[in-house]
């Protein structure tokens, strides 16, 4: 089956509406961090306050995501994601009120943390739905691989489009308008995603397997969490180094556009993952994609201008989505069906925490020595990712080999 045929068959199982809703529902999360930073920086005249509030939102979202995922495994995605979407939209609206009040900015940081805790992780939740959706198809294993390739590319695309929409909203009106738009999109499309019939199918995985207290944090999943934390550190450090170069060039507003180059290469590579042969096993993919991540990150140390940086970011992105897609595919493969929601959100949370760590370390080093030390954090993260993937080879291969065949869920078609 070709990749194009795989995508056509996969999307034919749900229809285009689900694909569109699932994509749009994840964009508000991608908009929120930059939107909060610009909003608070504008109302307080302090980028420090804006950064603190954006960080509070990101960390709270990472901490809360596994809990929401576990709850979705137990009672189903429909009530959980619906509550998150409406409560998260309300949280964004409340944050706007606090930001424009006379309260100290620490109250905005608290409101940001509460909002981050409520925002849904739509990408991980969407991944949980694909195996039940494809049940009964003669090429289910291949279609699940295709689905994870699409989801990885969709996540990357959302984190390119989200910040761009914030920039457009700010240009047309203000950070308040941009963040209010994110709240409206979340309330509408988040609710549509929650209420889609595929949410019911996702819950069948738990209802039909009766797992009881199945262990979630296996050694293999911990290796994958470490892998995702490292790729998050790559995101955070690259964004910091790019910001330094753009600011030194007198064009700080270009940071988001240059960071988007990373996403462009990543989206293209992610969609191409569906063409990889099954004999190229997941543990082996993770190892070699980690090698590519490290090797392609090294040229960042030579980038001393925006012109030199552009092609490096574009090429580096080619390694990122395949690496992330592989970790999520492995996570889904080695996790009991009743805990997949928790596993997917845990991997997403590790990415968010890694972003915060990478940005913080790179920021400190950039204050000392500019963009090169910041990009050195990216290279170091790539090297550690290589060590983790190769060092964790026995654990991952044993877990992948021991993974039970996926259950044949008795579900109704969408």
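Residue check: residue 15 meets all listed conditions (1) at negative phi; (2) modelled with pLDDT of 80 or more but one, namely (1). Of all positions in the stretch 270-279, at least one carries a residue that is in contact (Cβ under 8 Å) with a residue 24 or more places away in the chain, surrounded by 24 or more Cβ atoms within 10 Å (Cβ to Cβ) and touching a helix residue (DSSP H, G or I) at 6+ places or on another chain (Cβ under 7 Å). Taking into account only those residues within the stretch 361-392 that are surrounded by fewer than 15 Cβ atoms within 10 Å (Cβ to Cβ) and more than 24 Å from the chain's Cα centre (by Cα), which is modelled with the highest pLDDT? Once the filter is applied, the top-ranked residue is 391. Those helices (runs of 4 or more DSSP H) of the stretch 170-224 in which 1 or more residues are closer than 19 Å to residue 132 by Cα and modelled with pLDDT of 75 or more occupy 191-195, 198-207. Look at residue 261 and say whether it is touching a helix residue (DSSP H, G or I) at 6+ places or on another chain (Cβ under 9 Å), crowded, with 20+ Cβ neighbours inside 10 Å and assigned to a helix (DSSP H, G or I). When the stated conditions are applied, residue 261 passes them. For the stretch 322-360, a tally of residues being more than 10 Å from the chain's Cα centre (by Cα) and either under 26 Å from residue 244 (Cα atoms) or not in a helix (DSSP H, G or I) (or both) returns 10. Might you check whether a residue that is assigned by TED's automatic domain parsing to the domain that holds residue 382, under 20 Å from residue 154 (Cα atoms) and in contact (Cβ under 8 Å) with a residue 24 or more places away in the chain occurs anywhere in the stretch 306-313? Looking through the stretch 306-313, at least one residue is assigned by TED's automatic domain parsing to the domain that holds residue 382, under 20 Å from residue 154 (Cα atoms) and in contact (Cβ under 8 Å) with a residue 24 or more places away in the chain. Every condition in (1) at pLDDT below 90; (2) assigned to a helix (DSSP H, G or I); (3) over 30 Å from residue 67 (Cβ atoms) holds for residue 288 except the one numbered (1).
For the stretch 36-63, the set of residues classified as without any contact (Cβ under 8 Å) to a residue 24 or more places away in the chain and in a loop (DSSP other than H, G, I, E, B) consists of 45 only.
In the stretch 81-88, is there at least one residue being without any contact (Cβ under 8 Å) to a residue 60 or more places away in the chain and on the phi < 0 side of the Ramachandran plot? Outline the logic, then answer.
As a first pass, look at the stretch 81-88 and keep what is without any contact (Cβ under 8 Å) to a residue 60 or more places away in the chain: 83, 87.
Filter once more, keeping what is on the phi < 0 side of the Ramachandran plot: 83, 87.
Yes - at least one qualifying residue is present in the stretch 81-88.
For beta carbons closer than 8 Å, sequence separation of 6+ or different chains, a first residue in the stretch 150-171 that is closer than 17 Å to residue 20 by Cα and in the same structural domain as residue 182 (by TED's automatic domain parsing) and a second that is at pLDDT 80 or above and not in a helix (DSSP H, G or I), the qualifying pairs are 154/26; 155/26; 158/26.
Taken residue by residue, the stretch 23-35 has at least one member that is assigned to a helix (DSSP H, G or I), at pLDDT 85 or above and under 18 Å from residue 100 (Cα atoms).
The values are calculated or read from the model by the stated rules, or taken from the named source; none is laboratory data. Note that this is a predicted model, so its numbers are computed, not measured. Note that each Cβ is placed from the backbone with ideal geometry, even for glycine, and that neighbours are counted across all protein chains shown.
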